[in-house]
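The values are calculated or read from the model by the stated rules, or taken from the named source; none is laboratory data. If you're wondering where the values come from, they're calculated on a predicted model, not measured in any experiment. All Cβ positions, glycine included, derive from the backbone under ideal geometry; neighbour counts span all protein chains shown. Quick note on the areas: whole protein, heavy atoms, side chains included, nothing else; ligands and nucleic acids left out. Shrake-Rupley method; radii C 1.70, N 1.55, O 1.52, S 1.80 Å.
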Amino acid sequence: MITLRGVDVRVGARLLLSGVTAHVAPGDRVGLVGRNGAGKTTLLKTLAGELQPAAGTITRTGEVGYLPQDPAAADPSLSVTARILSARGLDEAERALRAAEAAMSDPAQQERAMRRYVRAEAEFEARGGYAAQAEAARIAAGLGLPDRVMTQPVGTLSGGQRRRVELARILFAGQGTLLLDEPTNHLDADSVAWLRSFLASRTGGLVLISHDTTLLDDTVNRIWRLDADRAALEVHNTGRRTYLADRDAIERGRARQRAVAENLAAAAPHLGDGEVRRILGSFLFGGDDAGKPAGVLSGGEKTRLALATLVSSQANVLLLDEPTNNLDPASRDEVLAAVASYQGAVVMVTHADKAVEALRPDRVLLLPDGVEDMWNSDYAGLVSLA
């Protein structure tokens, strides 16, 4: 079990999390989510004890297994089997057993070697013995490590294979709480399916970072979301699917309560205050309008704010459905100027000639037949007739 009390996490001068209190109990399978750069990996390192919190305490009860994105290099001379078995000390127990067996072949050492063998065999069995060896082999096979590599030195493997070995070692160790950072990296589809089943059946604690949404859907029963804007950790006692529905509703509520400027700043955290004000001004939110709660905006104002957040968010693609609807002439001109200057890809549904002019389309998709063609001026006439 892992318990956090009043924890602050920093990277240099940057505050990632403030005053976090949470816990991971047996049976808790936590999906750690948040946008790139929010601090998920840093928090996992802190939970593992590799980094210290800036404030507060973290208490760990029982064994904790940690798979970082870049596991530390193992002794390259160890065999794959020995590396995995070392998680329970079975590699040393097996070596002692084999050494005692070899010594018994010498009549001069036989009696002494027999006593060593009895002790070594007892230690080997106490650590799980041949049943544990078979378990380790099953885990390795489940993660796509073929029999032929099990006797190879770890140093002869590819980076992806070494990461599988480290994951197999952690799963074999049987620690009470697992901290896994992108465990499906370098795994094929069959190995991911095996891992999904393995994690779903565990009774110990788990904190998991993964971009594999199916893995999260099928394994986690709680969500921790890092909110980089508020330096907060949101704890949701639900699976991922329910969390997504709840998150959308919560975010809509927050967006309505936030001021216009706060909404833009939340969507584009890379912008400074002056740049936020400049962009809002270009979308006709000048002076006191930037401080209005979004919930009191008119339909046209909401459209302008939505476009402002989209074009400022560093998204690669914009999907715009009739962006000039409900806009007065001045607002329409500002929105279309933003579309015209946008550097990314745009897919737009529109019946407005001026919107097409601003877009300067390269291609056209004709519905309902779904015919795609290169844009030419003849299609402009279709827009005006629509």
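Would you check which residues across the range 136-155 are touching a residue at least 12 places away in the same chain (Cβ under 8 Å) and over 13 Å from residue 186 (Cα atoms) and list them?
Passing the criteria: 136, 137, 139, 140, 142, 149, 150, 151, 152, 153, 154, 155.
Please report, ordered by residue number, the helices (runs of 4 or more DSSP H) entirely within the range 212-284 with at least 3 residues that are open to solvent by 60 Å² or more (accessible area, probe 1.4 Å) and closer than 21 Å to residue 38 by Cβ.
Values: elements: 213-219, 240-257, 260-267, 273-282.
By residue number, 240-257.
Please go through the range 329-355 and give me each residue that is of a type outside the set (Ser, Thr, Tyr) and over 38 Å from the mean Cα position of the chain (by Cα), ordered by number.
Those that are of a type outside the set (Ser, Thr, Tyr) and over 38 Å from the mean Cα position of the chain (by Cα): 329, 330, 332, 333, 351, 352, 353, 354.
Consider the range 285-298. How many of its residues are of a type in the set (D, E, K, R) and exposed (fewer than 14 other Cβ atoms within 10 Å of the Cβ)?
Result for the range 285-298: 1.
Tell me, which strands (runs of 3 or more DSSP E) lie completely within the range 24-81 with 1 or more residues that are closer than 24 Å to residue 184 by Cβ and touching a strand residue (DSSP E or B) at 6+ places or on another chain (Cβ under 8 Å)?
29-33, 64-67
Scan the range 141-162 residue by residue and report those that are part of a helix (DSSP H, G or I), hydroxyl-bearing (Ser, Thr, Tyr) and at pLDDT below 90.
none
Taking the range 186-208 as the search range and keeping residues that are more than 18 Å from residue 3 (Cα to Cα) and of a type in the set (A, V, I, L, M), which one is surrounded by the fewest Cβ atoms within 10 Å (Cβ to Cβ)?
The extreme case among them is 189.
May I ask you to list pairs of residues, at least six apart or on different chains, whose Cβ atoms are under 6 Å apart, with the first in the range 99-122 being surrounded by 13 or more Cβ atoms within 10 Å (Cβ to Cβ) and in a loop (DSSP other than H, G, I, E, B) and the second being at pLDDT below 70 and not acidic (Asp, Glu)?
104/113
Go through the range 148-170 and give me each residue that's open to solvent by 10 Å² or more (accessible area, probe 1.4 Å) and under 30 Å from residue 61 (Cα atoms).
Those that are open to solvent by 10 Å² or more (accessible area, probe 1.4 Å) and under 30 Å from residue 61 (Cα atoms): 162, 163, 164, 166, 169, 170.
Could you tell me which residue of the range 285-296 is nearest to the chain's Cα centre (by Cα), considering only residues that are under 17 Å from residue 334 (Cα atoms) and part of a loop (DSSP other than H, G, I, E, B)?
285
Please specify each residue of the range 178-211 satisfying the condition of being assigned to a loop (DSSP other than H, G, I, E, B) and either touching a helix residue (DSSP H, G or I) at 6+ places or on another chain (Cβ under 7 Å) or farther than 16 Å from residue 32 by Cα (or both).
Result: 183, 184, 185, 186, 187, 188, 202, 203, 204, 210.
Filter the range 315-352 down to residues that are touching a strand residue (DSSP E or B) at 6+ places or on another chain (Cβ under 8 Å) and either surrounded by 11 or more Cβ atoms within 10 Å (Cβ to Cβ) or in contact (Cβ under 8 Å) with a residue 40 or more places away in the chain (or both), then give me how many there are.
Summing the residues that are touching a strand residue (DSSP E or B) at 6+ places or on another chain (Cβ under 8 Å) and either surrounded by 11 or more Cβ atoms within 10 Å (Cβ to Cβ) or in contact (Cβ under 8 Å) with a residue 40 or more places away in the chain (or both) in the range 315-352 gives 14.
If you go through the range 297-327 one residue at a time, how many are within 19 Å of residue 271 (Cβ to Cβ), over 28 Å from the mean Cα position of the chain (by Cα) and in a loop (DSSP other than H, G, I, E, B)?
Number of matching residues: 0.
Anything in the range 299-314 that is over 15 Å from residue 261 (Cα atoms) and open to solvent by 40 Å² or more (accessible area, probe 1.4 Å)? List them, or say none. Before the answer, list the steps.
Just the residues of the range 299-314 that are over 15 Å from residue 261 (Cα atoms), to begin with: 299-300, 314.
Across the range 299-314, the qualifying residues are 299, 314.
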